[in-house]
Amino acid sequence: MRLTISGIRKRIQRAKLRFKRWILGAVLLLCLLPFALVASVKFIDPPVWSWQIQRWIDTPDNYPEVTQHQWVDLADISDNMQLAVIASEDQLFPEHDGLDWDSIDKALADRKAGKRTRGASTITQQTVKNLFLWPAKSYVRKGLEAGLAVIMDGMCDKQRILELYLNIVEFGPGIYGVEAASQHFFNRSAKQLTARQAALLASVLPNPYRFNVSAPSEYMQKRVRWIMRQMRQLGVGTVAGLQS
């Protein structure tokens, strides 16, 4: 069958139309993917997450063959522990929309001035990073992290975000979540943690491979005392306020 010029043009037009539809579908899928990811963890306790997978791919020297993890509801995590991570990691957690804009501005100003930058990541940002992203520092990852944090704050309440964070964060090599950490270091459940024990666990979160709950350094001891002071200043009402 011979093709005419008009027939060829029609085929080209149809091919262009199919290509445009494919591009539009791909863009729509990419736009919806972040919302789908966040929606999944809003209702389902994740059995595995990105940070854990990264450890399997690029295993640290002191990473154990058998990891520890036990999921618990937020109601089964002591108020002391909830308050300790808010006090140490993100004191504006109950108020912000997933991002701490003041801290971001200060970090950018410090970087511009050539100073050492302080961490500006909120608990929400740390949660989405551990759940969905990779650990390497880059503007692409930080941009995705910020966008996902805003989406998570909009779709999930503060209690669920804190529950996710406390169940997936690493407190020591291969020790994931506060219940596993509490059982490993203190031989008690997360619901029974005292204020000092909670502060000690929170003190290792900047780097659970450098800091050890079982052998706290002088720096860690100072950090524990600082966290406990912050906990007293914030008060237990901070945790109760997450329910409103």
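Checking the conditions here, which among Ser103, Ser138, Ser78 is modelled with pLDDT of 90 or more and of a type in the set (Ser, Thr, Tyr)?
When all the criteria are applied, what remains is Ser78.
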- Message: Taking the condition of being assigned to a helix (DSSP H, G or I) and touching a residue at least 24 places away in the same chain (Cβ under 8 Å), how many residues in the stretch 36-50 meet it?
- Response: 6
- Task: Could you check, for the stretch 136-154, whether at least one of its residues is open to solvent by 50 Å² or more (accessible area, probe 1.4 Å), among the hydrophobic types (A, V, I, L, M, F, W, C) and closer than 22 Å to Asp61 by Cβ?
- Result: yes
- Single condition Gln159 does not satisfy, out of (1) open to solvent by 30 Å² or more (accessible area, probe 1.4 Å); (2) under 21 Å from the mean Cα position of the chain (by Cα); (3) at pLDDT below 95: (3)
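Where in the stretch 141-244 are there helices (runs of 4 or more DSSP H), lying fully within it, with 1 or more residues that are over 22 Å from Pro94 (Cβ atoms)? First the steps, then the outcome.
Working: elements: 158-168, 178-186, 195-203, 218-234, 237-240.
Once the helices (runs of 4 or more DSSP H) in the stretch 141-244 are filtered for at least 1 residues that are over 22 Å from Pro94 (Cβ atoms), what remains is 178-186, 195-203, 218-234.
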- Message: Could you list, ordered by first residue, the pairs with Cβ atoms under 7 Å in which the first is in the stretch 91-102 and touching a residue at least 40 places away in the same chain (Cβ under 8 Å) and the second is aliphatic (A, V, I, L, M) and surrounded by fewer than 20 Cβ atoms within 10 Å (Cβ to Cβ), at least 6 apart or interchain?
- Response: Gln91/Leu234; Pro94/Leu242; Asp97/Val150; Gly98/Val150; Leu99/Ala146; Leu99/Val150
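Limited to the stretch 203-216, what total is found for residues that are out of contact with any Asp or Glu (no Cβ under 7 Å at 6 or more places or on another chain) and either open to solvent by less than 40 Å² (accessible area, probe 1.4 Å) or of a type in the set (A, V, I, L, M, F, W, C) (or both)? Can you show your working first?
We begin by selecting, within the stretch 203-216, every residue out of contact with any Asp or Glu (no Cβ under 7 Å at 6 or more places or on another chain); these are 203-204, 206-207, 209-216.
Next, only the ones that are either open to solvent by less than 40 Å² (accessible area, probe 1.4 Å) or of a type in the set (A, V, I, L, M, F, W, C) (or both) stay: 203-204, 211, 213, 215.
Going through the stretch 203-216 one residue at a time, the tally reaches 5.
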- Are any residues in the stretch 51-89 within 18 Å of Val178 (Cβ to Cβ), open to solvent by 70 Å² or more (accessible area, probe 1.4 Å) and part of a loop (DSSP other than H, G, I, E, B), and if so, which ones? Gln70, Asp73
- Message: Going residue by residue through the stretch 174-182, is there one that turns out to be at positive phi, surrounded by fewer than 16 Cβ atoms within 10 Å (Cβ to Cβ), modelled with pLDDT of 95 or more and not aromatic (Phe, Trp, Tyr)?
- Response: no
- Note on the structure: For the stretch 179-195, pairs from a residue that is more than 15 Å from Pro216 (Cα to Cα) and touching a residue at least 60 places away in the same chain (Cβ under 8 Å) to a residue that is open to solvent by 80 Å² or more (accessible area, probe 1.4 Å) and part of a loop (DSSP other than H, G, I, E, B), with Cβ under 8 Å and 6 or more apart or across chains, are Glu179/Gln70; Ala180/Gln70; Gln183/Gln70
- Message: Checking the structure you have, find out if any residue of the stretch 110-128 is modelled with pLDDT of 90 or more, open to solvent by 40 Å² or more (accessible area, probe 1.4 Å) and assigned to a helix (DSSP H, G or I).
- Response: no
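The values are calculated or read from the model by the stated rules, or taken from the named source; none is laboratory data. Bear in mind the structure is a predicted one, so any value in this text is a computation, not a measurement. For neighbour counting, all protein chains shown are included, and Cβ atoms are generated from backbone atoms with ideal geometry for every residue, glycine included. Side chains included, ligands, DNA and RNA excluded: accessible areas come from the protein's heavy atoms. Shrake-Rupley method; radii C 1.70, N 1.55, O 1.52, S 1.80 Å.
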